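Step one of this worksheet: look at the structure below.
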Amino acid sequence: MAFPQPRPQAPQLPQHLLRTIDCQQGAVRAVRFNADGNYLLSCGSDKSLKLWSVSRGTLLKTYSGHGYEVLDADSSYDNSQICSCSSDKTVMLWDVATGQVIRKLRGHAGKINCVQFNEEATVVLSGSIDGTVRCWDTRSRRFEPIQVLDEARDSISSLKVAQHELLAGSVDGRVRRYDLRMGQLHVDFINSPITCVCFSQDGQCTLSSSLDSTVRLLDKSTGEMLGEYTGHKMKGYKLDCCLSIRDTHVLSCSEDGYVYCWDLVEGSLSLKLPVGKAVVQSLSFHPTETCLLTAMEGRVQVWGAEEEEKEEDSGGSVL
């Protein structure tokens, strides 16, 4: 006789504020988990990039060298390198341990909005206001990009890499998916400037947010719209969206000070997370746990599914 399977637990959401980190680097333009989720990167308007411990909220390293505000960053799978981009038109490749610049990549004609490693960290991809995505070989000493993708008719606002596919969102209202192995380009027209794009964890769908205050879930292979998520405010800022682990929920920043969290299948609002009184500039979901980072003004907030146990004698001040 077969016993019935236990009922699956409802997925938990990161609704408890665990800590707030005052980054002291001007406005935080972007916040990102590293590959394993133990550390976070904060990109500052004061030209600095900072590495923090997520669990303790302590500053581990500051990376200085950009000539203008840092707009995005990514860490390699083995945590040995960081890439960052800036309004100074450069991409920097950093050695995590020493804090030294390994490479300074120039070639974009304007500020660079987004940057990503490929999965092996052999290539850095950068998207710029000049409408191009440039691919840089991290191991070569050449100064030119190995490939330039210039199909966009306006600024590249967001890009994501998954295996052999590249997803790029542009202010021209189009989400472009490049199959680099097959040499194919697939375009989905959204008809509103795109602020953020990402792949679903299962690789079957794409998520995009745009300035008509809508987040859309599209079937990757057919372009069919599977879900539309609204209620938040996104009219003039380049704000992030993402999916939770296991693709159960869609999350988006909002200009009204909340993070909106919708049930992916039903499209209903599951949680409205009150971050503060200003614009929620950026967010990042933990790669394996129910943990969320948000950025507002000069601070980063760490959210978890359950409140942490307070240690009796921590010896240090709580940030």
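Observations on the structure shown:
- Rounded FRET efficiency, nearest 0.05, which uses the C-beta distance separating ARG142 from ASP212 and R0 of 35 Å: 0.30
- Listed by chain and number, the lysines whose alpha-carbon sits under 30 Å from that of LYS104, ignoring those within fewer than 8 places in the same chain, are LYS47, LYS50, LYS61, LYS89, LYS160, LYS238.
- For CYS114, distant residues with modelled amide H under 5 Å away: GLY127
- Sequence-distant aspartates and glutamates (8 or more away, or on other chains) whose Cα lies within less than 14 Å of LYS233: ASP212, GLU255, ASP256
- Simple spin-label estimate for ASN38 and SER80 gives 1.6 nm between the two label positions (7 Å along the Cα-to-Cβ direction from each Cα).
- Estimated vicinal HN-Hα couplings, Hz - the stretch 55-61 in sequence order (Karplus 6.51, -1.76, 1.60; Gly, Pro = x): 6, 9, x, 9, 7, 9, 6
- Surface composition of the stretch 189-254: carbon and sulfur make up 46 percent of the accessible area, probe 1.4 Å.
- In this structure, the amide hydrogen of LEU211, modeled 1.01 Å from its nitrogen in the peptide plane, lies closer than 5 angstrom to those of THR195, counting only residues at least 5 positions away or on a different chain.
- Each residue of the stretch 65-73 is assigned a 3J(HN,Hα), and the resulting list reads x, 5, x, 8, 4, 8, 10, 7, 7 Hz, derived from the Karplus form 6.51 cos²θ - 1.76 cosθ + 1.60 (θ = phi - 60°), x at Gly and Pro.
- Dipole in debye (nearest 20) - the chain, about Cα centre, beta carbon charges: Lys, Arg +1; Asp, Glu -1: 920 debye
- Gyration tensor (alpha-carbon) shape descriptor, the stretch 92-215, a/c threshold 1.5: prolate
- For the stretch 59-111 versus the stretch 183-226, the gap between their alpha-carbon centres in whole angstrom: 27 Å
- Cβ-based net charge around PHE117, under 15 Å, with every Lys or Arg adding one and every Asp or Glu removing one: -4
- In order along the stretch 85-101, phi translates into HN-Hα couplings of 9, 8, 5, 7, 6, 10, 10, 10, 10, 10, 8, 4, 5, 8, x, 8, 7 Hz, rounded to whole numbers, per the Karplus curve 6.51 cos²θ - 1.76 cosθ + 1.60 with θ = phi - 60° and x for Gly and Pro.
- Cα lying deepest toward the dipole's positive end in the stretch 166-221, options ILE194, LEU217, GLN184, charges on Cβ: GLN184
- Under 5 Å between amide hydrogens, built in the peptide plane, is the criterion, and for ASP256 it picks out LYS233, VAL280 among residues at least 5 positions away or on other chains.
The values are calculated or read from the model by the stated rules, or taken from the named source; none is laboratory data. The shown structure was predicted, so the numbers you read here are calculated from the model rather than taken from an experiment. Cβ: placed from backbone, ideal geometry, glycine included. Neighbour counts: every protein chain shown. The protein model used for the area step is the full one, side chains on, heavy atoms only, and it has no ligands, DNA or RNA in it. Shrake-Rupley method; radii C 1.70, N 1.55, O 1.52, S 1.80 Å.
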